[in-house]
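Structure first, commentary second.
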Amino acid sequence: MDKPYDKDMSSLPNDSKWVRANTLLTQNTKSADFALIGIPAHESSISLNNAHLTPAAIREALARYSTFSTSAAIDLAGRSFTDLGDVQSPDGIEGRGRVKSAVQGLLSKHKLVVALGGDNSITYSVASGLWPDLSNVGLITFDAHHDLRDGHSNGSPVWELIQAGLPGKNIVQIGIADFANSAEYSARAKENRITVISRADLRTRSIADVVKQALDIAGAGGREIYVDLDVDVCDRSVVPACPAAMPGGISADELRQGAFLLAADKRVRAIDITEIDASIDSPDQRTVRLAALLVLEAAAGLASS
């Protein structure tokens, strides 16, 4: 049976005046401003999934979109992009080591690194690889979950980063949902001075206002910031390929806006897009297509800065 992302792209119309976004990735400039890298991790997930299929699916979905942002009046065509490919076998202790080695030094070559997951475990391996010293790094997450579990899984990357030296006071978590976390892990967030902006808070605040607050906290003193976009922060109706997504999450548009605004801030140096299992997406590919748009929103945000 064909997977929902196994679509024949050759049937798409060809128009020289309508450049497709997947063509951006053919520019393999080693010192490009924007670097894309796939981290197809999935073996440590709390629930079984095929998230390792997602980086390829996102790249393919880029062909569905153009390079032009109407609202920002930015054309990404001709700008500096590179696709660094996928890190092979990124799971387990050895796999995490491969991820860290693959991303080490990328910030000296690129203004923004975007990592395509894979599950949320990559947040630890990518961030700790980019910054061997995490003591002066900020972290912003869009996520329904705290990810403060013990152990090594897609439910533990924030706790692992704290244990590796990232101060809790440098962390802002946006979209934390009711009935998606425990009292114990909520207490752990408070004990470590993490700023939590709940899903309920977002009902009365704009994404622009929330992102500004997050940047002020995570980037205080000019420190560099890592951003985790766990797509299960969105309403389950728009992200059916996110196993842990809940009814009542934020909208796809809100997450897109967040990606743009975060990437527009020069302190944001890396973003990951996680927790999508492309093999269970809806026939219209709505989750994977949203992820592709998050890549483009981040690229446009960078270009606007």
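The values are calculated or read from the model by the stated rules, or taken from the named source; none is laboratory data. Source: prediction; values computed, not measured. In this analysis, Cβ positions are derived from the backbone assuming ideal geometry, glycine residues included, and neighbour counts consider all displayed protein chains.
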Within the stretch 265-305, the count of residues that are under 16 Å from Pro240 (Cβ atoms), in contact with a helix residue (DSSP H, G or I) (Cβ under 8 Å, 6 or more places away or on another chain) and among the acidic types (Asp, Glu) comes to 3
Worksheet item: Is it true that some residue in the stretch 55-67 is aliphatic (A, V, I, L, M), in a loop (DSSP other than H, G, I, E, B) and closer than 28 Å to Asp147 by Cβ?
Response: no
Worksheet item: Does Pro13 satisfy the condition of being more than 20 Å from the chain's Cα centre (by Cα), over 23 Å from Ser101 (Cα atoms), surrounded by 11 or more Cβ atoms within 10 Å (Cβ to Cβ) and modelled with pLDDT under 90?
Response: no
Filtering the stretch 280-305 down to residues that are hydroxyl-bearing (Ser, Thr, Tyr) and either at pLDDT below 95 or over 14 Å from Asp33 (Cβ atoms) (or both) yields Ser282, Thr287, Ser305
Taking first residues from the stretch 284-305 that are crowded, with 24+ Cβ neighbours inside 10 Å and second residues anywhere that are at pLDDT below 95 and of a type in the set (Ser, Thr, Tyr), the pairs with Cβ under 7 Å that are 6 or more apart or on different chains are Val288/Tyr5
Residues of the stretch 133-192 being free of Cβ contacts under 8 Å to residues at least 40 places away in the same chain, of a type in the set (Gly, Ala, Ser) and within 21 Å of Asn49 (Cβ to Cβ), in sequence order, are Gly151, Ser156
Notebook entry, point to check: If you check Asp119 against the conditions, is it in contact with a His (Cβ under 8 Å, 6 or more places away or on another chain) and free of Cβ contacts under 8 Å to residues at least 60 places away in the same chain?
Noted result: no
Condition test on Val227, is it surrounded by 24 or more Cβ atoms within 10 Å (Cβ to Cβ), modelled with pLDDT of 95 or more, under 12 Å from the mean Cα position of the chain (by Cα) and β-branched (Val, Ile, Thr)?
-> yes
For this session: Test Ser66 against the stated conditions and say whether it is surrounded by 15 or more Cβ atoms within 10 Å (Cβ to Cβ), closer than 14 Å to Glu297 by Cα and without any contact (Cβ under 8 Å) to a residue 60 or more places away in the chain.
Result: yes
Among the residues of the stretch 102-160, the number that are under 17 Å from the mean Cα position of the chain (by Cα) and among the basic types (Lys, Arg) is 1
- Message: Considering only the stretch 210-226, I want to know if a residue exists there that is touching a helix residue (DSSP H, G or I) at 6+ places or on another chain (Cβ under 9 Å) and on the phi > 0 side of the Ramachandran plot.
- Response: no
Confirm whether Ile217 is under 28 Å from Asn49 (Cα atoms) and in contact with a strand residue (DSSP E or B) (Cβ under 6 Å, 6 or more places away or on another chain).
no
Selection from the stretch 267-281 of residues part of a loop (DSSP other than H, G, I, E, B) and in contact with a Leu (Cβ under 8 Å, 6 or more places away or on another chain) yields Arg267, Asp277
Within the stretch 270-305, residues being over 17 Å from Glu254 (Cα atoms) and among the charged types (D, E, K, R) number 4
Of the residues in the stretch 106-153 that are small (Gly, Ala, Ser) and touching a Leu at 6+ places or on another chain (Cβ under 9 Å), the one that is surrounded by the most Cβ atoms within 10 Å (Cβ to Cβ) is Ala115
For the stretch 68-90, the count of residues that are outside any loop (DSSP other than H, G, I, E, B) and at negative phi equals 9
In the stretch 198-253, residues that are basic (Lys, Arg) and either under 23 Å from Gly129 (Cβ atoms) or assigned to a loop (DSSP other than H, G, I, E, B) (or both) total 4
